[in-house]
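Chemist: Starting off with a structure, shown below.
Each reported figure results from applying straightforward, stated rules to the coordinates on display, with no laboratory input. Keep in mind that what you see is a predicted model, and the values were worked out from it rather than measured. In this analysis, Cβ positions are derived from the backbone assuming ideal geometry, glycine residues included, and neighbour counts consider all displayed protein chains.
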Amino acid sequence: MGKALETKELVKWYGKEVLALNKVTFDIDAGDFFVIVGPSGCGKSTLLKIIAGILDYDSGKLYINGVDMKGVPSYKRDVSMMLEMYALFPHMNVFDNVAFGLRMLGKDKSEIEKEVKEALRLVGLAGLEKRMPLELSGGQRQRVALARALVINPSVLLLDEPLSHVDYRLQRKLMEDLKEIHRKVGNTFILTTHVQEHALSLADTVMVMNTGVIEQIGKPEEVYTTPATVFAARFVGEINLFSAQIKSWDGGLCYLTTDIGELKANPKNKNTLPSSGKVAYAIRPEYVKIGEEARLCDNKTEAKLVSYYYFGHYMEYVFEAIGNTKIKVSVPTEKVGNLTLGSTYLLGWSAKDVLLIERPCMIEGLNIEEVIYGK
Ligand SMILES: Nc1ncnc2c1ncn2[C@@H]1O[C@H](COP(=O)(O)OP(=O)(O)OP(=O)(O)O)[C@@H](O)[C@H]1O
Ligand SMILES: [Mg+2]
């Protein structure tokens, strides 16, 4: 499969103060649904704008479909971008908003008519051609912006936070639509979000970013089950993290001293881990057992129930163990027992479900404690 996009050590400074992209190197297969996820300010929009050609970079390389993009103006790139905050032209109706790019390309009237109709049908807005942006709901405006980007039929479609500013139901609908449209058109999609659930459920490939650097790239389930850094583990899904020191190894089993006492781990990545030293000890909330079930586990600790959150299909309990260390436990709703706030319970988990992560994050100078507890 060819590469839709390749970057090599891309660097972008805003003035002398902000290093927005710090030697960013990655590539994207043609036809991939590639999702960039990371906290606010990590450089997602900057990266998309550079790919779109509306912002220049300071050094490094950017190739789209194998062609070096240095000096290539935006309109000559085979990309289109749906901007964050979907800036529609307020004085133009839906049809004209979507047709705008095609007119700029000098297409003839009948072609424009046909392509705009098709784009509006794809996003589920057929029949609303005459409406003005102010006569549309937020979600409909989002779809017009999507149609406007899609209609160009670019080989790379850039979507900057297309799911923000709409309610939950509409987000779900837009996510389904985006997946479906991607399947139909087969172009490369690059989407940014700061919402981990969106990244996990939309992406063929996820890239986790942190202040101008890449923390990890992989399939959603890879990033979830084998996070490369503590930052990636924290950012993709809920996770319990304890600062830990490796004491010894016995075959595949690792013995550690942690914030909540002596614990064991039998991690999948054992071959890559050191024989001693500091690591993060990580266990996802869905693997922690409570009460009777915990008795059989090879890791156990007592902890007090301090709060709980109902999420419909599951309940998340928050416990406090030794040293006020919080432990989150998620239980499918149908398995929820009768727990009392303020009471102490036995928690347990299996050594094979533990992840040990050696690297705090890809930014030099931060240690494990800072990434676990500091931010
Ligand atoms: N025009 C600008 N001038 C100076 N600094 C900027 C400019 N645009 C962005 N920045 C800074 O560059 C960094 C990256 O910004 P960017 O907009 O790419 O982040 P983001 O990941 O898209 O964030 P968000 O999730 O909030 O949209 C931030 O520190 C931001 O403050
Ligand atoms: Mg942004």
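Chemist: Kindly express, to the nearest 10 degrees and within the range 0 to 90, the angle between helix 138-150's C-alpha long axis and the longest C-alpha principal axis of the chain.
Modeler: Around 70 degrees separate the two axes.
Chemist: Using alpha carbons only, how many angstrom separate the centre of the range 86-111 from the centre of the range 139-186?
Modeler: Cα centroid to Cα centroid, the span is 17 Å.
Chemist: Cα convex hull of the range 196-287: how many Å³ per residue?
Modeler: 108
Chemist: Between beta-carbons, use under 14 Å as the cut-off and find the net charge around Asp29, counting Lys and Arg +1, Asp and Glu -1.
Modeler: -2
Chemist: Cβ neighbours within 10 Å, averaged per peptide: list 44-51, 20-27 in order, most packed at the top.
Modeler: By packing density, highest mean first, the sequence is 44-51, 20-27.
Chemist: So for the range 7-102, considering every pair of alpha-carbon atoms, how many percent are separated by more than 21 Å?
Modeler: In whole percent, the long-distance tail amounts to 41.
Chemist: Between Trp249 and Lys352, what is the label-point separation in nm under the 7 Å Cα-to-beta-carbon projection?
Modeler: According to this spin-label approximation, the distance is 2.0 nm.
Chemist: Could you tell me the largest-minus-smallest coordinate of the C-alpha atoms of the chain on each of the three principal axes, in descending order and whole angstroms?
Modeler: 73, 47, 38
Chemist: Where the centroid of each part is defined by its Cα atoms, how far is the range 303-341 from the range 251-300 in Å?
Modeler: 19
Chemist: Taking H placed 1.01 Å from N in the peptide plane, check which residues at least 5 places from Leu191 or on another chain put their amide H under 5 Å from its amide H.
Modeler: Result for Leu191 returns Phe34, Val35, Ile36, Leu159.
Chemist: While we're looking at this one, here's another question. Work out which GluC sites (Glu not before Pro) in the chain are exposed loop sites (DSSP not H, G, I, E or B, at most 14 other Cβ within 10 Å) and give the longest gap free of them.
Modeler: With GluC sites (Glu not before Pro) excluded where exposed in loops, the chain gives 18-237 as its longest stretch.
Chemist: Tell me, in nm to one decimal, what length is gained between Ser276 and Thr344 on full extension, where the rule is 0.36 nm per residue of separation less the Cα-Cα distance?
Modeler: Full extension from Ser276 to Thr344 adds 21.2 nm.
Chemist: Roughly what percent of Cα-Cα pairs across the range 230-374 reach past 28 Å?
Modeler: 17
Chemist: Same structure, new question: Which links in Lys326/Lys352; Lys3/Lys270; Lys268/Lys300; Lys70/Lys114 stretch past 27 Å when you go from one Cα to the other?
Modeler: Lys3/Lys270; Lys70/Lys114
Chemist: Oh, and also: What is the spin-label model distance, in nm, from Lys76 to Glu135 if the labels are put 7 Å beyond Cα along the C-beta direction?
Modeler: 4.1
Chemist: Can you pull out the chymotrypsin sites (Phe, Trp or Tyr not before Pro) in the range 246-350 that DSSP calls coil and that have at most 11 other Cβ atoms within 10 Å?
Modeler: Filter output for the range 246-350: Phe311.
Chemist: Cα to Cα, under 20 Å, and not fewer than 8 places away if on the same chain: which aspartates and glutamates meet these conditions relative to Lys109?
Modeler: Lys109 reaches Asp96, Glu118, Glu129.
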